[in-house]
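The values are calculated or read from the model by the stated rules, or taken from the named source; none is laboratory data. Given the structure is predicted, the values throughout are model-derived calculations rather than measurements. Cβ sites come from the backbone with ideal geometry, for glycine too, and all protein chains shown count toward neighbours. To get the accessible areas, we keep the full protein, side chains included, count just its heavy atoms, and leave off ligands, DNA and RNA. Shrake-Rupley method; radii C 1.70, N 1.55, O 1.52, S 1.80 Å.
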Amino acid sequence: MNPYDLIPRFRAQYDTNNQEFSISGVVRPQSIDELAPSLTLLKDSISRVRGILYVNIRRLTQMNNTAFHAFSRVIIDACRTRPDLKFVVITSSVVGWTTRKFGRLHGLEPNITVEEYDSQFYPGQSFLEEGGFIPILRTQTKMTWRHERKILPRHGMQPGIVMADICCGIGDFAVLVQKEFQPARIVALDHSRSSLDYARSVAADFDIRGIEYTYGDASEMLLEDDQFDLVTCRHSLQIFNRPELILKELYRICRPGGRVYITNEKNSHCLGEPRADSIQWTYNEVAKLFKHFEMDVELGPKSRRYLVEAGFEDIRVESFMVTNGDGDPQDFADVITAWENVYAGDMAVRRGDDPEMIERFRQGFQDHIFAALHPKGYAGWPIWVASGRKPS
């Protein structure tokens, strides 16, 4: 075996959702030429962002001076040519040298700050409502966006339109749409003030303009009739006990000839291999659990019927499967862990499930995580996309 194969390799990547460039592993090049692809990626990341670029090095275990000076030089040069841009370096208290070493950069450029992941806030690592679901919502959006950015143009998305994102939650989707498609205006509405506060802070940090975050009830919106070219409502109809009321409002605010775009799930179709039987049993139980609380996480394939009954025409329906192959398998596993904590936690307890039932319920989630992280495993989460046109 080549001795080099025993040395942990490093990885550099850019996440557009978080405006985050990350380096992990061991970075000990003999010459700067070995870093060329990573330095190019960093420069490209800088060219693509406004506001704040997060540089995440909390999984960086070793870095020699050649690498430190090379990456630092790119960041410092960017500060001097882009005074509008700020850098936040995310370190970990577990790897103490990173905070000390990169902390020197702040003395050279005030637009560079260092925050320890364990104690400081940065997008995707805050606990607001529902026991800290924000990190997982960001991860879910990151995973679905890889598919939706290709799907959306088939459902009415194009530059320069006026759109509304109803039940926008923490605002990730609106930010990604603004970056990718540059609509003329986005109104993003949600009933959660804390989620909207979070969304506004992220948009400000990333210098995203053109999004109007608005507080409101999706079933009775204080928005005028017939004003939006595209109205989106993602993963939300399935958690209302009367989705037809929401659709009535989406129809009302959509202009004649415009489209309404919805996404929903069929949770019983979540799958994984190995341990498929246990996984299937648990997700069948998820559907029953939500039904107990008057929610329908099986709504996905029913989307066509709901749109027809709401009065839409030219209805388009498609589906996609989010998998452990969509980026980092750990992201998929993190989503399932969050589901387990909520569904087999508070929700199951409130339904009155006994300890044996909850233990079996949890096992299916844990088996899904096992499948997601297994080197030969496959884990999937299906999403249905549908849109309809409001008659002219």
**Asked** Restricting attention to region 342-392, and to residues there that are in a helix (DSSP H, G or I), closer than 21 Å to Met143 by Cβ and of a type in the set (Phe, Trp, Tyr), which single residue is least open to solvent (accessible area, probe 1.4 Å)?
**Response** Phe365
**Asked** Restricting region 18-46 to residues that are under 28 Å from the mean Cα position of the chain (by Cα) and open to solvent by 80 Å² or more (accessible area, probe 1.4 Å), which is farthest from Asp172 (Cα to Cα)?
**Response** Pro37
**Asked** Across region 222-260, which residue is most open to solvent (accessible area, probe 1.4 Å) among those that are modelled with pLDDT under 95 and more than 29 Å from Pro382 (Cβ to Cβ)?
**Response** Leu222
**Asked** Of all the strands (runs of 3 or more DSSP E) wholly in region 83-170, which have at least 1 residues that are at pLDDT below 85?
**Response** 112-116
**Request:** Take region 164-198 and flag every residue that is more than 22 Å from His147 (Cβ to Cβ) and surrounded by 22 or more Cβ atoms within 10 Å (Cβ to Cβ).
**Result:** Val187, Leu189, Asp190, Ser195, Tyr198
**Request:** Look at Arg252 and say whether it is in a strand (DSSP E or B) and of a type in the set (Lys, Arg).
**Result:** no
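This table checks each residue for (1) open to solvent by less than 60 Å² (accessible area, probe 1.4 Å); (2) modelled with pLDDT of 95 or more.
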site: His269; (1), (2): no, yes
site: Asp277; (1), (2): no, yes
site: Tyr283; (1), (2): yes, yes
site: Met295; (1), (2): yes, no
site: Lys302; (1), (2): no, yes
site: Leu307; (1), (2): yes, yes
site: Ala310; (1), (2): yes, yes
site: Asp328; (1), (2): yes, no
**Prompt:** Of (1) farther than 21 Å from Trp145 by Cα; (2) open to solvent by less than 50 Å² (accessible area, probe 1.4 Å); (3) acidic (Asp, Glu); (4) in contact (Cβ under 8 Å) with a residue 60 or more places away in the chain, Glu318 satisfies all except one. Which?
**Reply:** (1)
**Asked** Does region 350-358 contain any residue that is touching a helix residue (DSSP H, G or I) at 6+ places or on another chain (Cβ under 6 Å) and among the small types (Gly, Ala, Ser)?
**Response** no
